[in-house]
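What follows is calculated from the coordinates using simple rules that are stated; it is not laboratory data. All of these numbers come straight from a predicted model, not from anything done at the bench. We place every Cβ from the backbone using ideal geometry, glycine too, and count neighbours over all the protein chains shown.
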Amino acid sequence: MLTGSLSANRYIAVNAIQCTFALILTFLTFSVRAETQNFDTYQAGPVQSEWRCGATGRGTSQWMVEHDESAPSKPNVLKQSGVADFPWCVLKQASIADGFVEVRFKAVSGRKDQAGGVVWRWKDGENYYVARANALENNVSLYYTQNGRRQTIKYVDAPVAKNAWHTLRVEFTGRRIVVALNGKTYIELDDEHIVGSGAVGVWTKADSVTTFDDFSYGPSIGK
């Protein structure tokens, strides 16, 4: 009986070690592959050349790095204060088919809109996915933009306080898309309008004055 107990205990211990090692390996793999931009190494002024900024539709976007004492990671944020149909700013170096994109954002002001969003599988200014949260409408929504036309996939009511920092995250693998705000999943569905790899970035709408911080992204594990 003693020998049997020792063998069982040894099996449990080995199993626990293997599970712990697997979790550590997964965490390290994710950490190495994920990238974060918090804009704190940038000088105040126009955003660095590694970003490409513009707008879908009419109008002119204005993306600037500014100091913000309320920033989740001080001192800098990326701020959009222009007026355009759909301003966007993407990291040119990023090219991801399956993975995640996440950002902290604060809707500062806007008469027509107060939105903050993320884009992925961005091919150009007229073809990409976007998920956004809106402080005027108190909702989270998912769209695809194709040939310059934004098409709604789904809207869900969600509390989005004005002048407060929120975390918006999207995970995308194949046809599956999961959209979460402040750690809560609001949209989970399948869609295949935009496929293949593309850039990732941030997005606003109309006259939204929105600040962004702690922009992170990375491929799915094993990709």
Positive minus negative residues near A158 (Lys, Arg vs Asp, Glu; Cβ under 15 Å):
+2
If amide H atoms are modeled at 1.01 Å from N in the peptide plane, then the residues at a separation of 5 or more from I187, or on another chain, having amide H under 5 Å from its own are V179
Under a 5 Å amide H to amide H cut-off, with H placed in plane at 1.01 Å, what residues pair with T210 once short-range neighbours are removed?
Q80, V108
Work out, in µm²/s and without decimals, the Stokes-Einstein translational diffusion coefficient of segment 125-223 at 25 °C, 0.890 mPa s, Rh from Kirkwood over C-alpha pairs.
170
Step through the table entries K112/K184; K106/K205; K123/K162; K92/K162; K123/K154, compare each Cα-Cα distance with 24 Å, and write down the pairs that go over it.
K112/K184; K123/K162; K92/K162
Grab the other residues whose beta carbon is less than 10 angstrom from that of Y186, score K and R as +1, D and E as -1, and report the net.
0
For segment 120-126, what does the Karplus curve 6.51 cos²θ - 1.76 cosθ + 1.60, with θ = phi - 60°, yield as ³J(HN,Hα) per residue in whole Hz, taken in order and with x for Gly and Pro?
8, 6, 6, 8, 6, x, 10
With the Cα gyration tensor of segment 36-99 giving a ≥ b ≥ c as the square roots of its eigenvalues, does the rule (a/c under 1.5 for rounded; else a/b larger than b/c for prolate; else oblate) give rounded, prolate or oblate?
oblate
Does segment 38-219 come out rounded, prolate or oblate, given a ≥ b ≥ c as the square roots of the eigenvalues of its C-alpha gyration tensor, rounded meaning a/c under 1.5 and, failing that, prolate meaning a/b above b/c?
rounded
Under the Karplus curve 6.51 cos²θ - 1.76 cosθ + 1.60, θ = phi - 60°, whole-Hz ³J(HN,Hα) for segment 193-206, x wherever Gly or Pro sits
6, 10, 10, x, 7, x, 6, 10, x, 10, 7, 9, 9, 6
In order through segment 147-157: 3J(HN,Hα) via Karplus (6.51 cos²θ - 1.76 cosθ + 1.60), integer Hz, x for Gly, Pro
6, x, 10, 7, 10, 6, 9, 6, 10, 9, 5
